[in-house]
Amino acid sequence: MIDNAKIELRHLSVKDYKELRISMIESYEKMPDGYWSEQEIRTLIKKFPEGQFCIVIDEKIAGCALSIIVDYSKFDDNHTYEKIIGGENFSTHTRKGDVLYGIDVFIHPDYRGMRLGRRLYEARKELCEQLNLKAIIFGGRIPNYGQYAHAITPKKYIEKVKLREIHDPVLSFQLSNDFHVKKVIKGYLEGDHESKEFAVLMEWNNIYYTKPEELFAPQKTVVRLGLVQWQMRLLKDFDELVDQIEFFVDAVSDYQSDFVLFPELFSAPLMAQYSHLNEAEAMRALATYSTRLRDVFSDFAISYNINIITGSMPEIIDGHTYNVGYLCRRDGSYERYEKLHITPAEQSAWGMMGGNKVQTMDTDCGKIGVLICYDVEFPELSRIMALEGMNILFVPFMTDTQNGYTRVRLCAMARAIENECYVAIAGSVGNLPKVNNMDIQYAQAAVFTPSDFAFPVNGIKAEATPNTEATLIADVDLDLLKELHAFGSVQNLKDRRTDLYCVKLKGKGK
């Protein structure tokens, strides 16, 4: 107990991170790598500032509670921690959700016994009521279960905690704060050996919740796509690149487009200032701009009311170079995607590595997928996405020769037919004489369709003039895909011989 302590409950700020980190490390002594990075805290505060609480005692962080809002209908009660928080970018957070999901709460060991945890939980409850959310839900650890796992099941353990025959520092506290047990989850938090990787899904219901009036706002059936055929030109600095980006976002949004697609490695002009370095070092230098570019795109998505597929940019993770991009939604959220297959030239010249994540992404115009350039030449990826409900596949690419472009184009057309979806491709044109391994570009942006009576006979909805800077605007009708799935003259998805073969993810690609 601290005598005459000044206790302040307030929202967390980025400036608190230094003190927060110290407090987290000392609180998670049995999970030394379990604390949040500064970037993760920044992302949380940017996305949902009112959901991040801390308790400060004499200018030290004594406790913290972090949360996001999720649309719980998109999950089931058997979710994992990683799945429901949406990874390091908290991509599952949405202001349109109905549940306040607690992702962390802790009290520093020096300040336990002061009922500070109760204050944090009360703050969450007030927030839940203010935002008119249905409930607070989270997966609670049961750290003392490891001492009893040899003798009793998790269910029996919970019963004994409820009867106060066993004390669990987490579960006992949550039960005393009006939370009830919703379910026991196995494998919730990887590495939680104390709990034997079991967690108790806890829920607190907001009795004041009123279901919002549902306004008639059906999902769009005709979606307008804007593709940028980007001119590679030497630029003097980052600001000039941003001006060029904004020009295209502005131009495409003027046509009330729902999406704008940029090409692969569109930021390459900034590599000219690193021409004294070898190719791999220059690419790593280019990666220093990528986080800033993502934030620029996110701001433009909101201000221009358009969903942006950012093409791709290099990113350094654990010392390795990856080719990644972002879906920046017009509601302010964003989601990261990765290039999975790296070409021999990308590996030898730039030292790039392939990612591991295959995913579809939800938007206000339905599910979409993104495959970066070479990835579209591997049909398994788009098939997995199609089985998850993808309607539009976006392919940002970069090809230097017409041969390379032909591979991307023909494979993209095949993906549209075999997966009964639309495919939009966009690349770069022009020259970068001062950038090694990026000298010349060849591209022709296009939107491809399935091949049936409701679609163009050649499977091409629209295409730009080759090798000229341009934008391409095209409308795609999602209802036509539904009709194709049910009544097409051939039905590729329905007629698969799943009794003979299947395509599925395995390992960390899930």
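Where a number appears in this text, it was derived from the coordinates with a stated rule and is not lab data. What you see is a predicted model; the values in this text were computed from it and never measured. Reconstructed Cβ throughout: ideal geometry from the backbone, glycine too, with neighbour counts over all protein chains shown.
Only Cα pairs under 8 Å and at least 6 apart count here; give the relative contact order of segment 251-333 as a rounded whole percent. List each step's numbers first, then the result.
Details: 127 pairs, mean separation 28.1, N = 83.
Answer for segment 251-333 is 34 percent.
Each Lys or Arg adds one and each Asp or Glu subtracts one; over the other residues with Cβ under 9 Å from the Cβ of Val181, this totals +2. Neighbour counts of other Cβ atoms within 10 Å put His341, His167, His485 in the fewest-to-most order His167, His485, His341.
Using a Förster radius of 22 Å, what is the FRET efficiency between Lys236 and Asp295 based on their Cβ-Cβ separation? Nearest 0.05, please. That gives a FRET efficiency of 0.55. A Förster radius of 56 Å combined with the Cβ-Cβ distance from Val490 to Glu165 puts the calculated FRET efficiency at roughly 0.30.
Across segment 56-65, rounded Karplus estimates of 3J(HN,Hα) from the backbone phi angles (6.51 cos²θ - 1.76 cosθ + 1.60, θ = phi - 60°) give 10, 10, 6, 6, 10, 6, 9, x, 7, 9 Hz, Gly and Pro being marked x.
Using R0 = 35 Å, the C-beta based FRET efficiency linking Leu505 and Gln402 works out to 0.55. With a cut-off of 8 Å between alpha carbons and a minimum separation of six or more residues, what is the relative contact order of the chain in percent? Computed value for the chain: 11 percent relative contact order. Taking amide H positions as modeled 1.01 Å from N, with prolines and chain starts lacking one, no residue 5 or more places away or on another chain lies under 5 Å from Gly332.
Take the residue pairs Lys96/Lys220; Lys162/Lys196; Lys156/Lys196; Lys220/Lys357; Lys47/Lys134 and return only those whose Cα atoms are more than 22 Å apart.
Details: Lys96/Lys220 17 Å; Lys162/Lys196 19 Å; Lys156/Lys196 15 Å; Lys220/Lys357 28 Å; Lys47/Lys134 20 Å.
Over 22 Å Cα-Cα: Lys220/Lys357.
Taking a Cβ cut-off of under 15 Å around Gly430, the surrounding Lys, Arg, Asp and Glu residues balance to a net charge of -2, with basic ones at +1 and acidic ones at -1.
Full-extension gain between Lys46 and Arg21, please, as 0.36 nm times their residue separation minus the C-alpha to C-alpha distance. Before the final figure, lay out each step's value.
Working: separation 25, 0.36 × 25 = 9.00 nm, distance 1.82 nm.
This chain segment gains 7.2 nm when fully extended.
Considering only beta bridges that DSSP places wholly inside the chain, some 75 percent are antiparallel.
Couplings 3J(HN,Hα) of segment 397-404, computed from phi: 9, 9, 10, 8, 10, 5, 4, x Hz, in residue order, whole Hz [Karplus 6.51 cos²θ - 1.76 cosθ + 1.60, θ = phi - 60°; x for Gly and Pro].
The residues packed around Gly354, meaning those with a beta-carbon under 11 Å from its beta-carbon, carry a net charge of -1 if Lys and Arg are +1 and Asp and Glu are -1. Averaging the Cα positions of each part gives two centres, and for segment 234-268 and segment 366-393 these lie 24 Å apart.
Descending by average beta-carbon neighbour count within 10 Å, the peptides 179-191, 303-315 line up as 303-315, 179-191, the highest first. Between Ile69 and Thr94, Tyr101, the built amide H atoms are under 5 Å apart, and every one of these is 5 or more places off in sequence or on another chain. Taken as Cα centroids, segment 162-217 and segment 448-510 sit 42 Å apart, rounded to the nearest whole angstrom. Put simply, when 345-358, 437-450 are sorted by average Cβ atoms within 10 angstrom per residue, most first, you get 437-450, 345-358.
Taking the DSSP beta bridges with both ends in segment 255-363, the antiparallel portion is around 70 percent. Legend: distances between Cα atoms for Lys6/Lys125; Lys125/Lys506; Lys183/Lys494; Lys186/Lys494; Lys46/Lys434; Lys18/Lys367; pairs beyond 32 Å are Lys125/Lys506; Lys183/Lys494; Lys186/Lys494; Lys46/Lys434; Lys18/Lys367. Couplings 3J(HN,Hα) of segment 319-331, computed from phi: x, 10, 9, 10, 10, 10, x, 9, 8, 9, 7, 6, 8 Hz, in residue order, whole Hz [Karplus 6.51 cos²θ - 1.76 cosθ + 1.60, θ = phi - 60°; x for Gly and Pro]. Counting 0.36 nm for each residue step from Gln256 to Asp77 and taking away their Cα separation leaves a gain of 60.6 nm. Note on Ile302 and Glu380: their simple-model spin labels are 4.0 nm apart, each label 7 Å out from Cα toward Cβ.
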